[in-house]
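Below is one structure, written out as structure tokens; the observations come after it.
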Amino acid sequence: MARYNDNNTVRVFLFVLLAMLFNTVYAADEILNSENISSPRRVELRNLLLQDCGSCHGMTMQGGLGPALTPEALKNKSRIMLETTILSGRPGTPMPPWDKLLTRAEVSWLVDVLYAGVN
Ligand code: HEC
């Protein structure tokens, strides 16, 4: 009986380990692949950009309370800095964090849109 339980513990342990490994690989894939974002979600994200982000950055991203987010304004700014700013916000400034509402893949896609120009 004791032996049966030991074997079972090993099986459960291995199962959990495999599940964790699988989850890590799957999650990493999810993060990198912004191609996975569905077209209806893209429409929502574009609306968010124009309305929510636009309320501070200007409806045409020319700037307002927040700086301009046009291709011209962003061309020398790194993707990692832009993505981090959107995900974590800028503490001490009005720029809020969006990591509760947006995934990394979605933020990455938004940065693609900003580099290319929203309009
Ligand atoms: C409540 C106002 C507000 C909202 C809403 C807002 N921002 Fe900002 N954002 C700011 C401000 C202010 C800054 C400048 C912060 C500073 O002083 O460093 C900023 C900075 C940024 C920057 C860095 C720009 C740079 O040149 O360094 C990016 C990128 C950005 N915001 C994207 C977004 C996106 C995308 C959204 C919507 C998902 C958004 N912001 C919503 C106010 C806002």
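The values are calculated or read from the model by the stated rules, or taken from the named source; none is laboratory data. Only a predicted model underlies this, so the values are computations on that prediction, with no experimental measurement involved. Note that we place each Cβ from the backbone using ideal geometry, even for glycine, and neighbour counts take in every protein chain shown.
Take the residues in region 108-119 that are modelled with pLDDT of 95 or more and of a type outside the set (Phe, Trp, Tyr); name whichever of them is nearest to the ligand (Cβ to nearest atom).
110
Which one is modelled with the highest pLDDT, of the residues in region 57-72 that are among the polar types (S, T, N, Q) and under 10 Å from residue 118 (Cβ atoms)?
70
Output the number of residues of region 97-107 satisfying the condition of being closer than 18 Å to residue 54 by Cα and either crowded, with 16+ Cβ neighbours inside 10 Å or modelled with pLDDT under 95 (or both).
Number of matching residues: 4.
Would you check which residues across region 34-55 are more than 14 Å from the ligand (Cβ to nearest atom), aliphatic (A, V, I, L, M) and over 14 Å from the mean Cα position of the chain (by Cα) and list them?
Within region 34-55, just 43 meets the criteria.
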